[in-house]
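One structure below.
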Amino acid sequence: MLDFLREEHVDEHIIKGIEDFRREHPSPEGALSVRPRYVYYGKEVWEQAAEALLCGENLLLAGSKATGKNVLAENLAALFGRPSYNVSFHINMDASYMIGTDTFRDGQVVFRPGPICQCAVQGGFCILDEINMARNEALAVLHSVLDFRRVINVPGYDTIRVHDAARFIATMNYGYAGTRELNEALASRFMVIHMPEITQENLEKLLRREFPDMNRQFTGQFSGLFADIDRKCRNGELTPKVLDLRGLLDAIRLIRAGLPPRSALDMGITNKTFDDYEQSLVRDIISSRISPKADRNTIFH
Amino acid sequence: MSSTDYGVPARRRALNIIWTAAGEYGFEPAFMAFTQNGQPDLYMDSIIGYVRKWYDRETMQELFDTTGSSLMRETFDGILWIGLENCAFEREVRERPVLSELRHACAEIFFEQQFTKSRQQWMAQNSLVYALQSARWNTVLGKEPGLVNPWEKNLFQELAFSGDWDARQIADHAYSVLHRYFRFSPGRAEHSLLLLLKNRLFSFSTRILPSRMMRTEDLTFSRDSSGNGIITARKSRNAGLLTAAEEENNRIYIQNCFGLPLYNTEESSRIEQLLCSGRHQGCHIYFTDGRRQAEESIDVQTGKEPKNPASDGQIRETIRGAQAQADRNRTHYKERLHFYENCIARLSQQIRNALLVYPQPSRVAGRNGRIASEKIWRAVYLNDERIFTEKFEEEQPDFSVDLMLDASASRLQSQETIAAQAYVIARSLHLCRIPVQVTSFLSLRGYTVIRRFCGYDEMDKDGRIFDYFAAGWNRDGLALRGAGHLMQDSPAKNKLLIILTDASPNDDRKIPSDRAGGHPLSRDYSGEAGIRDTSSEVRALKKSGVQVMAVLNGEDGSSEAARRIYGDDFVRIENIRRLSDAVGTFLQKKIERFF
């Protein structure tokens, strides 16, 4: 990952800081974070995020769909060489789910730590995914974990100290169905990064890395296709349902497997909206980029 | 599907193709291209966008304006686009290889359709452009151009505009070609009566000839093609003050056309004093629920019989028109009863779901409440006293909804659907026991008329929404002030205002001069001034705690203006039939936020 940061021309001083952090906090045996599936492109965001984490801050990555919030969070855990714990938030999230609850072991009632507790003890990177899906009251238990106190109070058991290397990275998508306003008390415990939409240039890089066998001309067309849809969404001509980076990558995978490009893109992007008119707009964009005659052999070599 | 439903999305789609190609949104292109069956021509519309993308806007606009002012406008447009297609293609294809394929397909379709009737009409009307066009497509297909006449051959060669040229070179070359072949001089304006007549005729003829470039000004879709128009308002030429008699005449006219006022004279003038100030000084606001007195003869405010012989006929005509529209609205609903009942069922289900899903009682461990037997051991062994469960009920949402419908003449074409959709929304909210108030607004003779169809507590009166009819102008800013006033009666803590609008405020009464504000002269209530006024009224409403949301319909109004007025709280629906769906989604979002 460090080599990747150098390729992206991330500030050398930050890279050195990360190397020092890794030396100071060597990865726990057998608990290494898995190699991330995708890498995040965006020098500025990398620098902001890494610097904040080096200073011991927690991060809140706010942004709309397809901005790479989770990719960056996973990448950061891998970069700092810490195990990552993923907690997906939902409406019924409560303290016992996050912190832990009682269980029977060897005929005794003992405390079974939840992901936040495990992460705090192991010094991992805890990814609080879609944090604004939970009720604010349920999140109150996190306050002491996230601020200067860095402790978890488990009623009836000892207080758990949060490991020096532990960091919390929350993600949130403002305005998704089912999301709420994050309350100020919680938001103030994070450094917030507003994740920008992926640029066409970075998307091309991503496509080249993900599909090294794709003809260069087509990486340009697919990234242009995504940029066209993005512009249309921003101008209110399309709903963001069709702005789906995962869908685009999945569609390209289907094309590589042999499906005709138009059908694959329909499945991955166009059909994400159920409005006929919107579908026709998306198909027009696709037609202006990808030939109906194109197939696996023309797109990949 | 009616012809309107078909035309508007096609035009919007063509616009979108052009915008995508240009990489820029919101502008009105000077040309659009459609295929013979009325669908957008993907290749040629993209070419229009690429011309915008690659070439200097002002130079190209000047070129289009110059050819557009010519007597031979149709021929020149055709010739110009044969050249522009070539250079835009050459330039864009470097970045977009699929374009050669699209071009080839376009050429094939051209020859496939040459025997259709409308194509032959076009050929007959402008054989030169047709010959040059088919020569171009022949070369695209790898054939000989097929031109015999040496003059045409030379002209065709001149039309191979190069992709390496810039806008100035293109324009100069185009002027030179037009001059050498047609003796056209760009400097000489041809604003003759004949030209006006010709252009007028031209605007009729292009509309029916598909599969070619069209100037967008000729594409203006008739607003009242169905003959639904009741009043065709004209911008008032009288900007000065009206005499007391004229004022009185106007008031009586409004009262007779729209029904008795909601308030008595004293209350009305107090409200008017309050609301019709600042930018709306000199305007009037008129609240009514459409009630009419038995014989229409006594004026409630003054007790006198309204005497207005000059407009008696006009008033009768309007009332008859309004009644006919109400009948049409009801018939429309009855004919599609099944569809609308489904809509009501779906929307009320959606609202109920939102209301049910979000307020879930939360159970929290506490020191009192209901004992949790499975936790008693914790008190004994861990000294944890929190062995009870407390149940916190989330509060039920306390909100009312105001639906405000634009009833200006721009809605003439879709009155029946608007009425039916508004009914669907009101009915659904009533079924969920949510107080709803439905109003419409329009401006006429200096009066902004706010017609209330049903109030918060009038659950059984929602049928009156079918009395909706459109006429006149829309002074959105004053209407929003009026809405704010009516919303004071809301029984709920949270107030939502959903407004159906085209985000294009436009009234025949000007905004008075405001020296302190840097406007020594009065300004038209439209364009920038109208948008600013409306957006400040929206801000004022939001400040007072009302949540304002807008629904834009179809291609009316620009997203940019809507964004400036309503921020992110607006949604564009392609078809007015989606109004209730859009409102449903809005409500769902807002209900989620209440918790």
note = antiparallel share of DSSP beta bridges within chain A, to nearest 5, in %, is 35 percent
request  = Within segment A:197-301, list the trypsin sites (Lys or Arg not before Pro) lying in a DSSP loop whose Cβ has at most 11 other Cβ atoms in a 10 Å radius.
outcome  = A:Lys293
query = Taking chymotrypsin sites (Phe, Trp or Tyr not before Pro) that fall in a DSSP loop and have at most 10 other Cβ atoms within 10 Å as cut points, what is the longest piece of chain A between them?
reply = A:1-147
inquiry  = Using Cβ counts within 10 Å as a stand-in for footprinting exposure, how do A:Asp275, B:Asp406, B:Asp166 rank, fewest first?
reply    = B:Asp166, A:Asp275, B:Asp406
note = The summed charge of the B:Phe388 Cβ neighbourhood (under 10 Å; Lys/Arg +1, Asp/Glu -1) stands at +2
request  = Return the sequence-ordered ³J(HN,Hα) values of segment B:364-372 in whole Hz as given by the Karplus equation 6.51 cos²θ - 1.76 cosθ + 1.60 applied to θ = phi - 60°, using x for Gly and Pro.
outcome  = 10, 5, x, 8, 8, x, 8, 5, 9
key: Nearby lysines by direct alpha-carbon distance to A:Lys232 (threshold 27 angstrom, same-chain neighbours under 8 apart not counted)   = A:Lys43, A:Lys65, A:Lys69, A:Lys205, A:Lys241, A:Lys272, A:Lys293, B:Lys53, B:Lys589, B:Lys590
remark   = Listed by chain and number, the residues whose amide H is under 5 Å from that of B:Ala550, excluding neighbours fewer than 5 places away on the same chain and using placed H, are B:Ile499, B:Phe570, B:Val571
query = B:Leu486: net charge of surrounding residues, Cβ under 12 Å, Lys/Arg +1, Asp/Glu -1, itself excluded?
reply = +1
task = Under a cut-off of 18 Å between alpha-carbon atoms, report the aspartates and glutamates in cross-link reach of B:Lys391, not counting same-chain residues fewer than 8 places apart.
result = A:Asp94, A:Glu137, B:Glu374
ask   = Among all the lysines, which ones have a C-alpha under 29 Å from B:Lys153's C-alpha, if same-chain residues fewer than 8 places away are not counted?
value = B:Lys117, B:Lys143, B:Lys198
note = The exposure ranking of B:Cys106, B:Cys454, B:Cys432, fewest beta-carbon neighbours within 10 Å first, is B:Cys432, B:Cys106, B:Cys454
request  = Going by C-beta contacts inside 10 Å, put B:Lys375, B:Lys543 in order with the fewest on the left.
outcome  = B:Lys543, B:Lys375
note = The answer for the net charge of residues other than A:Val87 whose Cβ lies under 10 angstrom from its Cβ, with Lys and Arg +1 and Asp and Glu -1, is -2
ask   = Karplus couplings for segment A:14-25 from phi (6.51 cos²θ - 1.76 cosθ + 1.60, θ = phi - 60°), rounded to Hz, Gly and Pro as x?
value = 5, 4, 5, x, 5, 4, 4, 4, 5, 5, 5, 10
key: Centroid-to-centroid separation of segment B:469-503 and segment B:39-102 [C-alpha atoms, Å]   = 44 Å
ask   = How about segment A:97-203: which trypsin sites (Lys or Arg not before Pro) there are in a DSSP loop, with at most 15 other Cβ atoms within 10 Å of their Cβ?
value = A:Arg149
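Coordinate-derived values only; no laboratory data. This one's a predicted model, so the numbers in the text were calculated from it and none came from an experiment. Please note: Cβ atoms are built from the backbone with ideal geometry, for glycine as well, and neighbour counts cover all protein chains shown.
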